[in-house]
Amino acid sequence: MRSQTIATGGDRSMHGPLSTAWLATGRTLAPPGASLPVPTATDRDVWDPSVVDPATLSRIRDRALASRGTPWAAPLGHLFARYFRDGDRAVYEQAIYDRQDRLTRAAIMAAVTREPEWLDEVTDGVVLLCEQSTWCWPAHDDTYTRHGSMLPTADDPFLDLGAGEVAGQLAWLDHLLGEQLDAYVPGLRARIRLEADRRVFTPFEQRRDWHWLGLDGDVHNWNPWIHGNVLTGALQLVASPGRRAALVDLIVEGLDRYVASLPADGAIDEGYAYWWNGACRLLEAAELLADASGADVPWSTFAAVVAFPHRMHLGGDWYLNHADGPARPPREQPWAALHRMALRIGDPAATAHAAVHRDHSSPVADERQGFGRLLQALTSPAWLAATPPSPTPPADMWFASTQVMLARAGRLALAVKGGHNGEHHNHNDVGSVVVALGGVPVVVDPGRPTYTAQTFGPRRYEIWTMQSTWHSTVSIGGVAQGHGRGFAASEAASERCGSYHEMVLNVKDAYPAAGIHRWLRTARLSRSPETVTLRDSWDLDPSLTGSVIHLVLAGAVTLAPGRAEVTALDGAGTLLISWDPAGTSAALLPRTLDDPMLSDVWGARLTRLDIDVSGLGPIGTLELTLKEQR
């Protein structure tokens, strides 16, 4: 997909798959009210309380009743300014999320019950959003750099993920409840349109310097996430046919820029966790375009993209994580969206992987995933009827585009990452390995702590989870990896045969130290017997001393000469790690976890095993063997 030529800067000679499909329709769209693929609340065959999925309705009703009559969450000014003072963004953003989630629940209750009390709740929530100083999240707003202000600049709104999410939510709400709102509170829908226009549509048309457009060649997950929400809003809230079509022109042009950035193997350099708000957002936007315009979207183009979540699965709730993603992300993902896309493309394994998460005693979706996603899950006959099948074991994978190998053999799995240290949401992790036992990571990538101003600032790599020393990599001559695209793996290759799958790469260029002639890392998963072998071979200048091989471990760790044992999390078993030469010095360094983004995944601590190979000389080899201790 990277070979496609995508026009930029408003050039309508669009050549990507979505642009081509859109132009073939003659740029025609169904009118507002008929463009979004969800029945409105007037359709009682869908929204009568006796019909709506009972588990979902029960949870939404309970939560909605618990909050009704209480004060709404308040995203206060000093909380917004706090981001610029001390870097905290979470408290303000949590108030925003709580406000939007409460409005989503009220809208569902209004659609189901048609009771005035719920329409009052909807009215209050909509007006609060419309009177909010900004829809932008503080970490994204350029109010300080452009205006020197720590508070939102109301007449210069920034279109970010947060603003897009509010516009999308209000568009879905307007579509679902429009007739009721016109009868009960005339004027509310006009206010929605006014605010969406001045905060989203007009800035989207007039400013072309948004970094997430990808006009500079750097395309990331903001692109489809925001474009998809702007598309939702334009389809429902913009009355002028000419303006709607012009907005869709810009949207599909931008989406195709993201399509062009996707590699043919479907890999996402931001990892599994960001698939849901990157590639999945693209697929959902393509689906909206097809439904609203009749565009013949070439779904087969996205087959590898749809397969990615299943291919990253280790077992249970565990996934291979890269970059800022957690190894155990929240179970409540928008599985209904993946299920729809997998059915469209005809991928039985991806369809089954999504359907495994369809528990008929649990809600079909969670409101935190977004109003549109909840509505579509609630009204998708295929998702409502889906039954959990026996899971399909994923195949071994080699993603040449990101230099990631993931191999499986019985109860062991091995992942190795090459790539470079300028990837999106990058951690300095060239050459890192992950080993899972029974689907549970034991040699791990820690993930990331709670986002703050430091996370995406110049001091990002002072955060310990972003450093190569806290990934299962090496320190060469006492030096950690550098950050930036130039710090990369070379000679990366993957070989698979009947008895093993291995990856070989040279990591020397990932380090800023001089005198590294070569550091070759070979990681192999053998199938009989099930064993992981990690071999490091080096050729260094004799002046480089203090080289250490790091393994970051989750679980209870004991150390003995030449070996370590790790009792894995979740009762998955025990992993035995041994090395040759056995007399090489080794030590354990525990790390207490006090951030819930980490402790909720790994528990109270991680432990780093450091094997000092300096005594083996400037030219040497150390081989580690990892296998289950039965």
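Using Cα pairs under 8 angstrom and six or more residues apart, how large is the relative contact order of the chain, in percent? Walk me through the numbers on the way to the answer.
Details: 1282 pairs, mean separation 71.0, N = 630.
11 percent.
Only bridges whose two residues both fall in the chain count here: according to DSSP, what percent of them are antiparallel, nearest 5? Numbers along the way, then the final one.
On the way: 85 of 85 bridges.
For the chain, the DSSP antiparallel bridge percentage is about 100.
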Worksheet entry | Euclidean distance of C-alpha centroids, region 559-630 and region 381-441, integer Å | 21
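Can you show me the helix-derived [θ] at 222 nm for the chain, built from DSSP H runs with n ≥ 4 at -39,500 (n - 2.57) apiece and divided by the number of residues, rounded to the nearest 500.
Values: 20 runs with 223 residues, N = 630.
Mean residue ellipticity at 222 nm (helix-derived): -11000 deg cm²/dmol.
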Discussion item. For q values of 0.12, 0.13, 0.17, 0.19 Å⁻¹, compute log₁₀ I(q)/I(0) with the Debye formula on a Cα-only model of region 3-154, without solvent.
Written reply: -0.82, -0.89, -0.99, -1.03
Worksheet item: Quick one: Phe487, Phe84, fewest Cβ neighbours within 10 Å first, how do they rank?
Response: Phe84, Phe487
Practice prompt. Note the angle between two axes, namely the Cα long axis of helix 54-67 and the longest principal axis of the Cα atoms of the chain, as a number of degrees from 0 to 90, rounded to the nearest 10.
Written response: 80
Worksheet item: Relative to the longest principal axis of the chain, what angle (0 to 90°, nearest 10) does the C-alpha long axis of helix 222-237 take?
Response: 10
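Once fully extended, how much extra length lies between Ala556 and Arg459, figured as 0.36 nm per residue of separation less the alpha-carbon to alpha-carbon distance? It would help to have the intermediate numbers written out before the result.
Details: separation 97, 0.36 × 97 = 34.92 nm, distance 3.17 nm.
Gain on extension, Ala556 to Arg459, equals 31.7 nm.
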Worksheet item: Hey, what angle do you get for helix 161-184 against the long axis of the chain, alpha-carbon based, 0 to 90 degrees rounded to 10?
Response: 30
Worksheet, complete the sentence: Working note, region 333-456: Cα radius of gyration (Å, one decimal) and Dmax (Å, whole number) are 17.7, 45
Worksheet item: Tell me, how many Å apart are the Cα centres for region 55-126 and for region 139-153?
Response: 25
Discussion item. Please compute, over every Cα-Cα pair in region 164-240, the percentage with a separation greater than 20 angstrom.
Written reply: 35
Practice prompt. For a quick protection proxy, order the peptides 371-382, 599-610 by their average other-Cβ count within 10 Å, most packed first.
Written response: 371-382, 599-610
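With +1 assigned to the C-beta of every Lys and Arg and -1 to the C-beta of every Asp and Glu, and no other charges, what is the dipole magnitude of the chain about the Cα centre in debye, to the nearest 20?
Here the chain has a charge dipole of around 580 debye.
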Worksheet item: Over all pairs of distinct alpha carbons, what does the Kirkwood formula give as the hydrodynamic radius of the chain, in Å?
Response: 26.0
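Listing Ile108, Ile463, Ile192 from the residue with the fewest other Cβ atoms within 10 Å to the one with the most, what is the order? Don't skip to the end; give the middle numbers.
Working: Ile108 28, Ile463 15, Ile192 24.
Final ranking by Cβ density, sparse to dense: Ile463, Ile192, Ile108.
Within a 10 angstrom radius of the beta carbon, how do Tyr97, Tyr258 rank from fewest other beta carbons to most? Display every interim value, and only then the final one.
Details: Tyr97 17, Tyr258 28.
The most exposed by this proxy come first: Tyr97, Tyr258.
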Response to the item:
Short to long, in 10 Å steps from zero, the percent of alpha-carbon pairs of region 397-628 per bin is 8, 34, 39, 18, 1
Worksheet, complete the sentence: Binned at 10 Å from zero, the C-alpha pair distances of region 45-108 give percents of 20, 36, 24, 14, 6, 0
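FYI, it's all coordinate maths here, none of it is from the lab. The structure presented is a predicted model; accordingly, all values stated were derived computationally and were not measured. Because the Cβ atoms are built from the backbone with ideal geometry, glycine has one as well, and the counts that use them run over all protein chains shown.
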